[in-house]
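Asker: I have a structure I would like to understand better, so I am pasting it below and will then ask my questions one at a time.
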Amino acid sequence: MENSKKFKIFVDGQEGTTGLQINDYLAKRNDIEVLKIDNDKRKDLNERAKFINESDITFLCLPDEAAKESVSLCSNPNTCIIDTSTAHRTNPDWVYALPELSPEQRNKIKNSKRLANPGCHASAFILAVKPLIATGILKSESNLMASSLTGYSGGGKKMIADYQQNPLPEKLLSARPYALNLTHKHLPEMQKYTGLRFAPTFQPIVGNWYKGLAVSVFLDYSNFTIKNLNSNSNSHNSPFDAKKIHEIFKNYYRNDQFIRILPYADLPQISDNGFFDVQANNNTNFVDIAIFGDDKHLIIMSRLDNLGKGASGSAVQAMNIYLGLAEETGLV
């Protein structure tokens, strides 16, 4: 594809939280022509089909069933669809649009017309676990536990409206755990793309801030297998230590410009008086990964902007890769 042309982009679901953010990214670019549907025709199937099939790329920023409907409207074999819903994330006919997943993932994204954008919790969890599975350090049959702290924008327009009431209801002032039936919608992709045999036990918690997300994965060294780890650690006769795990992460993500492995054991640099800033990557496409541990346990923390790298930023990054552009275009 030639970088001199203007690519035609349609955002189906342009008024949703993710759609609005994607439009903000695209509005700053001179290589993009955004196709705009009239507000009163946003649910008109014929009108949506027209825009989808005129586009080089259509972003779907819709509920799952509406996203599936939009895919059925696409008859142009040259139109690439990037779906930000959960509808196609584990569909084998779609490519999971997380470029940092593996060395082959960018090539898969570049050569596919059907791209499933990852979920925000899922991106943070997968990026915190995948290096250990891929290098053979973490047993795939491990039963992992993880929690996630997230701003309320992840709940969409209704939750945003709930939290922006004035005065704010007292029940919303404190953190609120949810998905207590242990069937969070991101679990299938979290399991599939890490390579875990079992879905993790996952506890998301929403708090009274707009955006910013941090997933914590809790491990002990019994989860690890010795055969693929060389270590000089003599701590309690264990071949594992947090420093070695930190080195594995630095090596795994060495070519990924949006993944930053925070300095090992440098608490003043990576925390505020011992507190981890969940919102530190807001308004960026970066993911920070921190390794904390002693001689028995590890916490791997992964933070991102749930509306950026956790949603619209990731979608634009995938678009750039598909179009053959530098993947940071419009994101930094």
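All of the numbers you see were taken from the coordinates with simple rules; none came from a lab. What you see is a predicted model; the values in this text were computed from it and never measured. Here Cβ is always computed from backbone atoms with ideal geometry, including for glycine, and neighbour counts include all displayed protein chains.
Asker: Express as a percent, rounded to the nearest 5, the fraction of DSSP beta bridges in the chain (both residues included) that run antiparallel.
Answerer: In the chain, DSSP labels about 45 percent of beta bridges as antiparallel.
Asker: With Cβ to Cβ distances under 13 Å as the rule, what net charge do the other residues near Phe51 carry (K, R +1; D, E -1)?
Answerer: Within the 13 Å Cβ shell, the charges total 0.
Asker: Report, please, the projected area of the chain averaged over directions, based on the convex hull of its C-alpha atoms, in nm².
Answerer: Averaged projected hull area, Cα only: 18.2 nm².
Asker: Then there is this: Could you give the alpha-carbon Rg of region 78-199 over 2.2 N^0.38 Å, rounded to two decimals?
Answerer: So the Cα radius of gyration is 1.24 times the expected 2.2 N^0.38 Å.
Asker: Between region 1-78 and region 181-203, how many Å separate their Cα centres?
Answerer: Centre-to-centre distance over Cα atoms comes out at 30 Å.
Asker: Would you mind calculating the relative contact order of region 74-170 from Cα pairs under 8 angstrom and at least 6 residues apart, reporting the percent as a whole number?
Answerer: 23 percent
Asker: Next question, about the same structure. Over 25 Å between Cα atoms: which of Lys28/Lys68; Lys158/Lys185; Lys6/Lys185 fall into that group?
Answerer: Beyond 25 Å between Cα atoms: Lys28/Lys68; Lys6/Lys185.
Asker: If a helix is a whole DSSP H run, which ones in the chain reach 18 Å or further along their own axis (Cα) and hold a mean Kyte-Doolittle hydropathy of at least 0.5?
Answerer: 120-134
Asker: If you take every residue apart from Leu219 with its C-beta less than 11 Å away from the C-beta of Leu219, what net charge results, scoring Lys and Arg +1 and Asp and Glu -1?
Answerer: Once positives and negatives cancel, what remains is +1.
Asker: Where Lys and Arg each count +1 and Asp and Glu each count -1, what net charge lies around His297 among other residues with Cβ under 12 Å from its Cβ?
Answerer: Computed value for this residue: -3.
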